Amino acid sequence: MEQVKAITTEQETETAVQYIVVRIGNEQYGINIKYIDNIVRNQKITRVPKTQTYYKGVINLRGEIIPVMSIRLKLGLEDDEFTDKTRIIIVKIEGATIGVIVDQVREVVTLDDDNTEKITRTSRDDAASGYISSIGKSKGELISLLDIVGLIVEN
């Protein structure tokens, strides 16, 4: 019986993905936990001239200089409002490290194929929908699952 439980648990983990649920504006977004290196409180961001408008600047995190990006501006929303709940999520993608500003970190959820639904794109989608890979359902709430690689990596 123990062996049967181990096999079903192993199969479940193949399709189940953990996401950190964050709040950006009035919406909830999920970021795949495998890309997240660290979550830090708001720090002094040093502005860097002649960068894209959605780059806020850089921070010094334990001796490492990390660029910081505003997801709000990249998604076409209003500028960030820094509060005591604002966090910078340190993301590692393809050998690059970048910080993304979120309004609040809510929780970690595990979603499987039954709890997620792929979205179809139309040609007149707004900027934000191009960075959303699917929609997740947890505890009766919808979570827009971000394509964090597409959001960060420049085309």
Exercise. What shape does the stretch 2-153 have by the C-alpha gyration tensor, where a ≥ b ≥ c are the square roots of the eigenvalues, rounded means a/c under 1.5, and otherwise prolate means a/b greater than b/c and oblate the rest?
Worked result: prolate
For this session: Would you be so kind as to identify which of 88, 16, 148 lies farthest towards the positive end of the dipole of the stretch 2-153, taking Lys and Arg as +1 and Asp and Glu as -1 on Cβ and the Cα centre as origin?
Result: 88
Seminar exercise, completed: Carbon/sulfur accessible area of the stretch 2-153, % of total, 1.4 Å probe, equals 48
For this session: Obtain the nm distance between the two label points defined at residue 41 and residue 93 by a simple spin-label model: each point lies 7 Å from its Cα along the Cα-to-C-beta direction.
Result: 2.8
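The values are calculated or read from the model by the stated rules, or taken from the named source; none is laboratory data. Keep in mind that what you see is a predicted model, and the values were worked out from it rather than measured. Note that we place each Cβ from the backbone using ideal geometry, even for glycine, and neighbour counts take in every protein chain shown. Each accessible area value is taken on the protein alone, full model and side chains, heavy atoms only, with ligands, DNA and RNA left out. Shrake-Rupley method; radii C 1.70, N 1.55, O 1.52, S 1.80 Å.
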